[in-house]
Amino acid sequence: MSVETATLPKSPRAYSNIQIAVAFVAAAFGLTILQYIGLLPAWLHRLPETIIPNFAGWLDALFNFVKDDLGLLAFTRFLTEGLEWLLDFSANIFFGKRRFPNVGPIPWTAMAAVAAVIGYYLGGWRLALLGGGTMVWTALIGQWKIAMQTMSVLAIAAPLAFAIGLSLGIAAWKYDWVDRAIKPILSILQTLPFFTYLLPAVIFFKVGPTAGAVATTIYAIPPMILMTTLGLKKVSPEVVEAGKMSGCTKAQMLRHVYIPSARTEILVGVNQVIMLCLAMVVLTAFIGMPGLGAKLLAMMGSFKLGRSFEIGVTIVLLAVMLDRMSKAWVIKQPEHFERGTPWWKRHSMLLLGIGLFSGFTLLSLVVPFLAEVGRGQDLSQGKELDNLIKGFLDIELVKATTGFLRAFLNVQVLIPFRNFMLSIPTPAFILLVTAFALALAGKREAVFALIFFSLVALSGWWDRAIITLYSVISAVSLAALIGLPIGILAARSEKWSQRALLVCDTAQTFPSFVYLIPAIMLFGITDIAVIFSILIFAMVPLTRYTIEGLRTVPEEMTEAADMAGSTRMQKLWNVQLPLALPTMAVGFNQAIMFAFFMVIIAAFIGTQDLGQELQRTLAGTDLGKNFVLGICVSLMALTFDLTIMKWAADKKRMLGLA
Amino acid sequence: MNKFKLALTAGVLSLSPISAFAADSNDPIVIPIHNWSSQIVMSNVVGQLLEMNGNAVEYVTTDSQAVYESVRLGDVTMELEVWEGAFGASFRAALEKGGIVDVGDHDAVTREDWWYPMWTKDACPGLPSWKALNDCAAVFATAETGDKGRYLDGPVDWLKHGQERVEALGMDFVVVNAGSAAALWAEIGAAEADKRPVVVFNWTPNFAEAVWPGEFVEFPAWEDGCDKDPAVGPNPDALYDCGNPATGYLKKAAWDGMEAKWPSAYAILEKVSFTNPQIAEMAKLVDIDELEPEEAAEVWLEANKDVWKSWLN
């Protein structure tokens with residue numbers, strides 16, 4: 001079962017997809033060679049400026065029409081007031097902003113106690129320790145108030161995203177047309193770079209926590225919709241039948257039959273919502289979201305790496321805590337009590353929580369330290385950490401390694417590769433991508449690739465798009481070189497698989513921004529710092545799916561290989577890897593999606609790609625340009641997504657794994 | 001305790017309209033905060049002054065260019081640091097659209113330009129002249145720039161014109177944009193370790209002067225119109241062939257509805273004016289002494305009573 005035979009479905013036509021693809025590649029080569037010997041007319045190398053349509057201008061006109069003439073701005077500003085009331089409410093509860101209902105802030109000790117009780121209820125002592133410990137760390141390190149500013153916005157944004165996602169998910173499951181309308185929008189939303197969410201949020205929802213909450217909510221909705229629909233579709237007919245027989249109304253069916261049966265998927269959706277909300281914490285700081293993100297930006301702005309690091313740790317701890325707790329909630333089945341169990345026994349955890357909460361609240365009235373860690377009482381070690389980091393960067397070995405990487409990788413590999421990619425004529429590049437889609441997936445995907453990349457060419461941002469693509473391709477290739485061997489090695493034993501998956505899980509909960517800090521520190525402002533930050537981020541799905549793919553190879557197959565007397569290497573290359581390939585391709589696809597996401601954020605380091613232009617638009621009111629750039633990124637990412645996912649699905653079907 | 005007193009004063013003031021001369025609105029005054037320390041501390045200093053005046057104050061973190069649009073819409077009430085070089089263009093554009101007013105200048109002058117830390121002079125003794133800098137361009141070369149020197153410019157959204165100047169003056173430099181101020185400091189910090197010569201974008205007043213002593217590169221002096229008329233400056237065919245103004249203004253700006261809504265707060269804002277050493281001191285309290293911004297503002301206010309006493313009504 002070699003790879004070649006599997007990818008060559010016999011086409012009834014005269015020319016197979018592969019043959020056409022080869023012809024495309026040959027044509028692309030021809031064009032590139034002509035370019036190198038200087039015979040290619042300039043208009044074939046890059047589209048002439050004159051024929052590039054003014055998409056940005058048209059979009060701007062459209063936005064202004066919708067915004068002012070149709071009164072959308074007035075409407076969203078009206079919504080803003082409602083949202084602001086909610087945010088003020090939670091802001092008062094969490095950190096005592098002077099607004100209705102004027103009861104906060106909750107003492108940190110009370111919060112920590114409640115977090116520990118919830119942790120214990122969901123997952124025993126370990127989660128109790130994680131929950132309480134995170135809160136105690138946050139308070140003692142002196143970041144309680146800013147952490148609560150962040151939480152106060154998330155406490156509104158996450159439930160909003162949940163509610164909207166759930167309703168849309170139900171609608172999409174119920175009505176086919178909603179499903180069909182929503183699917184393409186979701187794919188675009190999921191690939192749209194985040195800077196594209198920020199500017200409209202500011203314009204329509206006012207700079208500050210409201211815009212932050214809106215951008216966060218919109219960003220977190222898509223997986224909730226997908227998981228809801230998925231869960232509802234999987235509800236077994238027997239359960240539905242049982243509901244009908246007991247005479248449920250439509251609403252009762254939904255409330256008591258469908259949703260409880262889809263509980264697992266819906267809760268996985270909740271987990272995703274929370275994680276995406278946390279991922280936005282730092283980025284929304286650009287549009288006035290207060291809290292940890294804003295502080296992190298300010299600290300990095302004055303080059304206080306120690307303090308930045310501490311804030312990074314807090315964000316990670318919060319993320320890990322919320323992730324573990326919501327995952328424990330997924331697994332935890334609803335408890336059932338015998339009839340006649342006394343009330344206090346059924347709600348013992350709730351009572352314990354309330355008891356501890358009021359206990360600590362009262363106690364904190366007497367002992368101020370338990371209410372608020374005062375100035376100078378915290379344990380922050382910012383300065384010491386600064387010196388430690390500086391000392392580390394000063395070690396000869398570290399300097400020599402990073403210096404070598406800069407000199408070798410950057411100058412010998414990355415820069416020539418980038419220049420090469422830039423030298424390929426636009427039409428040749430589009431042909432290459434089309435050929436790639438055609439060979440891997442099929443005609444439909446090839447047509448999409450052709451249309452998508454032609455649109456990118458027409459947007460007028462071709463060079464920057466290519467530089468974006470160059471960063472993505474280089475980083476993912478390097479990540480594959482490191483991540484795949486790690487995955488293969490780890491998959492050899494159950495114990496190491498578990499450990500590696502745990503590391504991947506944890507790394508995935510890190511907010512993306514955290515990865516930029518070590519990259520800048522080690523490599524300064526160079527391409528290699530950009531690639532490095534993308535690389536660590538993209539390596540996670542690659543490793544994880546490799547392990548999962550290899551571990552789920554059917555045992556019969558490996559046994560058959562053992563019986564045939566193959567060596568470990570033979571077994572790996574001829575049995576396990578081919579069978580794991582479709583799953584690994586999903587990981588590869590996710591790595592590419594992550595890379596597209598990260599390359600835009602890497603604008604913070606300093607890039608020359610679409611991300612840099614997107615960052616520039618944040619400084620103004622260029623909605624049209626902002627959108628065009630965002631769509632460019634999205635179109636490129638979608639091309640890969642469609643092609644690779646189709647290939648993986650085909651392959652799975654062919655191998656009988658689906 | 002301090003906060004409690006303020007709240008009490010605020011409460012009393014709002015309950016007795018006769019005692020307050022100009023009845024300021026009870027709505028909070030929104031002060032924007034950006035990502036550099038002096039601005040954050042100054043905003044807190046003015047915010048605390050306004051609280052003493054009985055106003056409710058809130059802070060919001062925003063982008064330093066986009067803030068002018070927010071001021072115009074009234075989402076944000078004022079902006080305390082309008083740097084001529086960095087934000088002049090955005091500010092003027094907002095003035096033309098309307099909704100924002102110029103509330104006068106600080107005493108401080110601002111300058112932003114190519115800058116080097118002192119140790120750079122050892123490798124290139126002819127500095128600060130730009131010609132000398134160009135002659136030792138090779139000293140600033142990095143692996144990525146080949147034999148040309150590297151100049152690390154500010155983030156693209158600061159809209160600097162390093163590239164144009166390199167072309168206009170025919171310099172042997174490659175301009176690389178840092179993604180953020182943090183990236184600039186990271187570069188200087190990394191260079192400090194082995195005293196590697198660097199030339200980067202920097203400005204004054206800024207905390208960096210206190211951490212790394214250095215000087216600005218002296219380019220052909222700024223003349224009016226250098227950014228609009230090619231004939232101005234040494235190169236007759238190019239724009240941006242001069243240095244930035246060595247004495248740029250530092251303005252205050254406000255939403256045009258502020259005077260009507262918070263008259264007494266507006267009167268204070270008109271009087272507010274800081275000098276270069278005062279601003280550097282504010283930045284130092286945060287960047288070197290590691291105080292929290294609001295704490296730094298309290299310390300500064302305590303130490304400089306004579307500066308601000310006369311501003312209050």
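The values are calculated or read from the model by the stated rules, or taken from the named source; none is laboratory data. A quick note: this is a predicted structure, and the numbers were derived from the prediction, not measured. Because the Cβ atoms are built from the backbone with ideal geometry, glycine has one as well, and the counts that use them run over all protein chains shown.
For the stretch A:233-248, does any single residue satisfy the condition of being surrounded by fewer than 24 Cβ atoms within 10 Å (Cβ to Cβ), touching a residue at least 60 places away in the same chain (Cβ under 8 Å) and outside any helix (DSSP H, G or I)?
No: the stretch A:233-248 contains no residue that is surrounded by fewer than 24 Cβ atoms within 10 Å (Cβ to Cβ), touching a residue at least 60 places away in the same chain (Cβ under 8 Å) and outside any helix (DSSP H, G or I).
Taking the condition among the charged types (D, E, K, R), within 14 Å of chain A (Cβ to nearest Cβ), more than 15 Å from the chain's Cα centre (by Cα) and within 29 Å of B:Lys131 (Cα to Cα), does B:Lys195 pass?
So B:Lys195 passes the test.
Can you work out which of the residues in the stretch B:236-256 that are exposed (fewer than 14 other Cβ atoms within 10 Å of the Cβ) and not acidic (Asp, Glu) is nearest to B:Leu152 (Cα to Cα)?
Looking at residues that are exposed (fewer than 14 other Cβ atoms within 10 Å of the Cβ) and not acidic (Asp, Glu), I get B:Thr247.
Among the residues of the stretch B:1-58, write down those that are closer than 17 Å to B:Glu270 by Cβ, at pLDDT below 90 and either aliphatic (A, V, I, L, M) or in a strand (DSSP E or B) (or both).
Hit for the stretch B:1-58 is B:Ala22, nothing else.
Just name the residue that is modelled with the lowest pLDDT out of those in the stretch B:191-210 that are of a type in the set (A, V, I, L, M, F, W, C) and buried (at least 19 other Cβ atoms within 10 Å of the Cβ).
Filtering the stretch B:191-210 for residues that are of a type in the set (A, V, I, L, M, F, W, C) and buried (at least 19 other Cβ atoms within 10 Å of the Cβ), the one modelled with the lowest pLDDT comes out as B:Phe207.
Taking the condition touching a residue at least 24 places away in the same chain (Cβ under 8 Å), closer than 26 Å to A:Asp394 by Cβ and either in a helix (DSSP H, G or I) or not assigned by TED's automatic domain parsing to the domain that holds B:Gly88 (or both), does B:Ala191 pass?
yes
Which pairs turn up if I take residues in the stretch A:139-164 that are closer than 17 Å to A:Trp85 by Cβ and look for partners that are of a type in the set (A, V, I, L, M, F, W, C) and surrounded by fewer than 21 Cβ atoms within 10 Å (Cβ to Cβ) with beta carbon separation below 7 Å, at least 6 apart in sequence or on another chain?
From residues that are closer than 17 Å to A:Trp85 by Cβ, the pairs are A:Ile156/A:Leu86.
Please find, within the stretch B:34-72, the residue that is surrounded by the fewest Cβ atoms within 10 Å (Cβ to Cβ) out of those that are in contact (Cβ under 8 Å) with a residue 40 or more places away in the chain and facing another protein chain (nearest Cβ under 8 Å).
The residue in question is B:Ala56.
Checking A:Phe369 against (1) within 14 Å of chain B (Cβ to nearest Cβ); (2) free of Cβ contacts under 8 Å to residues at least 60 places away in the same chain; (3) part of a helix (DSSP H, G or I), which test does it fail?
(1)
Would you please name the residue that is farthest from the other protein chains (Cβ to nearest Cβ), looking only at residues in the stretch A:206-231 that are more than 19 Å from the chain's Cα centre (by Cα) and crowded, with 24+ Cβ neighbours inside 10 Å?
A:Thr229
Does A:Ile311 count as in a helix (DSSP H, G or I), crowded, with 24+ Cβ neighbours inside 10 Å and away from chain B (no Cβ under 14 Å)?
Answer is no for this residue.
Applying the selection to the stretch B:288-302, what residues are β-branched (Val, Ile, Thr) and modelled with pLDDT of 90 or more?
Scanning the stretch B:288-302 gives a single hit, B:Val299.
Please determine whether any residue of the stretch B:217-235 is surrounded by fewer than 17 Cβ atoms within 10 Å (Cβ to Cβ), under 16 Å from B:Ser38 (Cβ atoms), modelled with pLDDT of 85 or more and more than 14 Å from chain A (Cβ to nearest Cβ).
Within the stretch B:217-235 (the criterion being surrounded by fewer than 17 Cβ atoms within 10 Å (Cβ to Cβ), under 16 Å from B:Ser38 (Cβ atoms), modelled with pLDDT of 85 or more and more than 14 Å from chain A (Cβ to nearest Cβ)), the answer is no, since none of the residues qualifies.
Cβ-Cβ under 6 Å, sequence separation 6+ or interchain: first residue in the stretch A:24-47 and surrounded by fewer than 17 Cβ atoms within 10 Å (Cβ to Cβ), partner assigned to a loop (DSSP other than H, G, I, E, B) and not polar (S, T, N, Q). Which pairs?
Going by the 6 Å Cβ cut-off, the qualifying pairs are A:Leu34/A:Leu40; A:Leu44/A:Pro425.
Looking at A:Ala507, A:Ala475, which is the one that is out of contact with any strand residue (DSSP E or B) (no Cβ under 6 Å at 6 or more places or on another chain), surrounded by 21 or more Cβ atoms within 10 Å (Cβ to Cβ) and either under 30 Å from A:Gly391 (Cβ atoms) or within 14 Å of another protein chain (Cβ to nearest Cβ) (or both)?
Step by step, each of A:Ala507, A:Ala475 is checked, and only A:Ala475 is out of contact with any strand residue (DSSP E or B) (no Cβ under 6 Å at 6 or more places or on another chain), surrounded by 21 or more Cβ atoms within 10 Å (Cβ to Cβ) and either under 30 Å from A:Gly391 (Cβ atoms) or within 14 Å of another protein chain (Cβ to nearest Cβ) (or both).
So that you can scan it fast, the table gives a plain yes or no per residue for (1) assigned by TED's automatic domain parsing to the domain that holds B:Val307; (2) modelled with pLDDT under 90; (3) under 20 Å from B:Gly243 (Cα atoms):
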{"residue": "B:Glu79", "(1), (2), (3)": "yes, no, no"}
{"residue": "B:Gly88", "(1), (2), (3)": "yes, yes, yes"}
{"residue": "B:Lys131", "(1), (2), (3)": "no, no, yes"}
{"residue": "B:Asn134", "(1), (2), (3)": "no, no, yes"}
{"residue": "B:Thr142", "(1), (2), (3)": "no, yes, no"}
{"residue": "B:Thr145", "(1), (2), (3)": "no, yes, no"}
{"residue": "B:Tyr151", "(1), (2), (3)": "no, no, yes"}
{"residue": "B:Glu164", "(1), (2), (3)": "no, yes, yes"}
{"residue": "B:Asp172", "(1), (2), (3)": "no, no, yes"}
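Only helices (runs of 4 or more DSSP H) wholly contained in the stretch A:536-628 count here; list those with 1 or more residues that are touching a residue at least 60 places away in the same chain (Cβ under 8 Å) and either more than 14 Å from every other protein chain (Cβ to nearest Cβ) or not charged (D, E, K, R) (or both).
Ranges flagged: A:577-601, A:610-618.
Scanning the stretch A:117-138 for residues that are buried (at least 23 other Cβ atoms within 10 Å of the Cβ) and in contact (Cβ under 8 Å) with a residue 60 or more places away in the chain, which turns out nearest to A:Gln377 (Cα to Cα)?
Out of the qualifying residues, it is A:Thr138.
Go through the stretch B:104-122 and give me each residue that's exposed (fewer than 15 other Cβ atoms within 10 Å of the Cβ) and either part of a helix (DSSP H, G or I) or of a type in the set (Lys, Arg) (or both).
Once the filter is applied, which keeps residues that are exposed (fewer than 15 other Cβ atoms within 10 Å of the Cβ) and either part of a helix (DSSP H, G or I) or of a type in the set (Lys, Arg) (or both), the stretch B:104-122 yields only B:Asp122.
It is to be established whether one or more residues within the stretch A:76-84 are modelled with pLDDT of 90 or more, buried (at least 19 other Cβ atoms within 10 Å of the Cβ) and among the aliphatic types (A, V, I, L, M).
Taking every residue of the stretch A:76-84 in turn, at least one turns out to be modelled with pLDDT of 90 or more, buried (at least 19 other Cβ atoms within 10 Å of the Cβ) and among the aliphatic types (A, V, I, L, M).
Take A:Leu199 and tell me if it is in a helix (DSSP H, G or I) and more than 20 Å from A:Glu84 (Cβ to Cβ).
Spelling it out, it is not the case that A:Leu199 is in a helix (DSSP H, G or I) and more than 20 Å from A:Glu84 (Cβ to Cβ).
Can you name every residue in the stretch B:267-291 that is among the charged types (D, E, K, R), within 13 Å of chain A (Cβ to nearest Cβ) and within 19 Å of the chain's Cα centre (by Cα)?
B:Lys284, B:Asp287, listed by residue number.
Go through the stretch B:174-190 and give me each residue that's modelled with pLDDT of 85 or more and more than 8 Å from chain A (Cβ to nearest Cβ).
Hits for the stretch B:174-190 are B:Val174, B:Val175, B:Ile188.
Residue under question is B:Lys121, and the condition is that it be within 24 Å of B:Trp212 (Cβ to Cβ) and of a type outside the set (A, V, I, L, M); does it hold?
yes
Please verify whether B:Ala93 is within 16 Å of the chain's Cα centre (by Cα) and assigned to a helix (DSSP H, G or I), treating the condition exactly as stated.
no
Determine which single condition A:Phe337 fails, assuming it passes every other condition in (1) more than 28 Å from the chain's Cα centre (by Cα); (2) in a helix (DSSP H, G or I).
(2)
Go through (1) closer than 26 Å to A:Gly524 by Cα; (2) of a type in the set (A, V, I, L, M, F, W, C); (3) not in a helix (DSSP H, G or I) and name the single condition B:Val166 misses.
So the condition that B:Val166 fails would be (3).
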